[in-house]
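This report concerns only the one structure given below.
Nothing in this text is a laboratory measurement; each read-out follows from the coordinates by a stated rule. These numbers come from a predicted model, not from an experiment. Positions of Cβ are generated from backbone atoms using ideal geometry, with glycine treated the same way; all protein chains shown enter the neighbour counts.
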């Protein structure tokens, strides 16, 4: 099988991985806040291919995180993926950001706490203030709810937590940890999205021929983009 190039850019994480279903050939990542996704995604992709002696035309496909997440990050990631696919004439695959995080959670549990088996995995992506993007999954990685933008409060998931053990992770989980006190709630601190978690999901898409239209595909922004103005740019400020 030809390798797949995977691009994750929906948060501060800028991650590019190259590999097959369970075989990671290479990965380059930057987790720093405000890192330059536009510059890094292209550089990472080119370097991973160079190291393996490959060209874009040698790829089976490019997989990109489709959101939800950062409007700017998703837009940059999808644009980069489309450019590679269009130029090389290869398929485009879109992977749900929350699906990818869930696969990462399952991998984390296997490596760090294999005896712990929560009933529900709940990835949380920070959407500013007390809002998060989230979706619920079972231990097989199957979604059991729709993607939603959710405002967290002390009663969030309370009914479910009465009878279900839930594992929360992602850059929105710290918000949840501060207000959810149920003994059935567990949290993975410092979990970071990664393009490597996309590889098995992207392989399944290839097997099932689940490709996107390179010309018309758009990521799942979930909320409208709202432009902000830096405080020092406000009229009258000094």
Exercise. Using a Förster distance of 35 Å, how high is the FRET efficiency between residue 108 and residue 88, based on the Cβ-Cβ distance and rounded to 0.05?
Worked result: 0.60
Seminar exercise, completed: A chain fully extended from residue 144 to residue 189 at 0.36 nm per residue, minus the present Cα-Cα distance, gains in nm 13.9 nm
For this session: Could you work out, for the stretch 98-187, what percent of all Cα-Cα pairs fall into each 10 Å distance bin, beginning at 0 Å and stopping at the bin that holds the largest distance?
Result: 18, 56, 25, 1
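Taking neighbour Cβ counts within 10 Å as the exposure measure, how do 49, 167 sort from fewest upward? Mind dumping the intermediate values first?
On the way: 49 21, 167 27.
Sorted ascending by nearby Cβ count, the order is 49, 167.
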Exercise. Mind checking the log10 I(q)/I(0) for the stretch 2-93 at q = 0.10, 0.11, 0.20 Å⁻¹? Debye, one equal scatterer per Cα, no solvent, two decimals.
Worked result: -0.21, -0.26, -0.88
Exercise. What ranking of 31, 37 emerges when the number of other C-beta atoms within 10 Å of each C-beta is taken as an exposure proxy, fewest first?
Worked result: 31, 37
Exercise. Exposure proxy check: 23, 8 ranked by fewest other beta carbons within 10 Å?
Worked result: 23, 8
Seminar exercise, completed: Between residue 216 and residue 55, the FRET efficiency computed from the C-beta separation at R0 = 30 Å comes out, to the nearest 0.05, as 0.70
